[in-house]
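This report refers to the structure that appears directly beneath it.
The values are calculated or read from the model by the stated rules, or taken from the named source; none is laboratory data. Please read these numbers as outputs of a predicted model, since none were measured by experiment. All Cβ positions, even for glycine, are placed from backbone atoms using ideal geometry, and neighbour counts span all protein chains on display.
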Amino acid sequence: MMKLFLCLAFLGTGVSAVLQCTVVPGKLKQIDAGNGEVYGVNEKDDIYRWSEDNWVPIPGKLIHVSVGPAGVWGVNRQTFIYKLQDDNWVQVTGLLKQIDAGGEKYLSGVNGLDSIYCLNQEYTISRSASLPFVFIDGSLKYYSCGPLGCWGVNSINQIYYRYGVSPSACRGSHWKQVDGSLIMVEVGTDGSVYGVNSAGNVYKREGISAATPTGTWWNQLDFCGAFKHVAYDQGILWLLTEKEDIFKCTIDGSVVPTL
């Protein structure tokens, strides 16, 4: 049975919002949400899709899975890359340890050496298994994209934003370091940016717009616990604890001041 509770999220602006959180049955080591879908993998590399309030097993083995406008993609322990086509996993060229399908039908990710790669839209929508991944300068351990650009964190938890990214030019133009320190960062389908730091605190980047794609400040959300992974889509935050418990949280629209 799912456990439902309310939690008070204290925000950096001196206001708080009531969160309605559900502890979802099961254990996951990684989760991703996008385009109205949610996928995850557990410690045994089993793959699951969230459907009608249940985890539905998907055949195959992956260590990281991603869903978004570019489709459903994943990587396994050998860092081989797979795309879900017609309910089957099709291996494509390349090697990645982390992958992200959240861009505008373009793909991004990093390999075992923290080298950064992307795949333009014309190839993510093709059915070819031979794909020309594009190398991006820099070094990141986690990279995620959305409609207003791409965000990443490096091996010492510094945060970076990539300018000039587009569906036909996923390489982009240059990096800007953003204030703060995170172990992972995820961009939602709507452009929202969330991340987790080394202490397990969850943050949302505020002030993001087309004119200010890097936003203005980090808003800490206290979810009554520590987490290692966050994903966001359609008003729902998905959170994983160090023990791989799964939280599904929605934020009440009413905001009240704190003392």
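Evaluated against (1) within 21 Å of GLY191 (Cα to Cα); (2) at pLDDT 95 or above, LYS61 falls short on exactly one condition, (1). Scanning the range 47-96 for residues that are at negative phi and surrounded by fewer than 17 Cβ atoms within 10 Å (Cβ to Cβ) yields a count of 15.
Of all the listed residues (GLY180, GLY195), the sole one being closer than 18 Å to VAL230 by Cα and surrounded by 23 or more Cβ atoms within 10 Å (Cβ to Cβ) is GLY195. Quick test for you: out of CYS249, CYS170, CYS150, CYS145, pick the one residue that is modelled with pLDDT under 95, closer than 29 Å to LYS83 by Cα and hydrophobic (A, V, I, L, M, F, W, C). Of the residues listed, the single one that is modelled with pLDDT under 95, closer than 29 Å to LYS83 by Cα and hydrophobic (A, V, I, L, M, F, W, C) is CYS249.
For the range 203-239, taking the residues that are among the polar types (S, T, N, Q) and assigned to a strand (DSSP E or B), the one that is surrounded by the fewest Cβ atoms within 10 Å (Cβ to Cβ) is identified as GLN220.
Taking the listed residues GLY60, GLY109, GLY103, GLY40, the one that is outside any loop (DSSP other than H, G, I, E, B), more than 19 Å from ILE183 (Cα to Cα) and in contact (Cβ under 8 Å) with a residue 24 or more places away in the chain is GLY60, with no other qualifying.
Listed conditions (1) among the acidic types (Asp, Glu); (2) under 23 Å from VAL38 (Cα atoms); (3) surrounded by fewer than 23 Cβ atoms within 10 Å (Cβ to Cβ); (4) at pLDDT 95 or above are all met by GLU104, apart from (4). In the range 143-172, of all residues being surrounded by 22 or more Cβ atoms within 10 Å (Cβ to Cβ) and aromatic (Phe, Trp, Tyr), the one that is farthest from GLY112 (Cα to Cα) corresponds to TYR161.
Within the bounds of the range 199-206, is there any residue that is closer than 16 Å to CYS21 by Cβ and of a type in the set (Lys, Arg)? Yes: the range 199-206 contains one or more residues that are closer than 16 Å to CYS21 by Cβ and of a type in the set (Lys, Arg).
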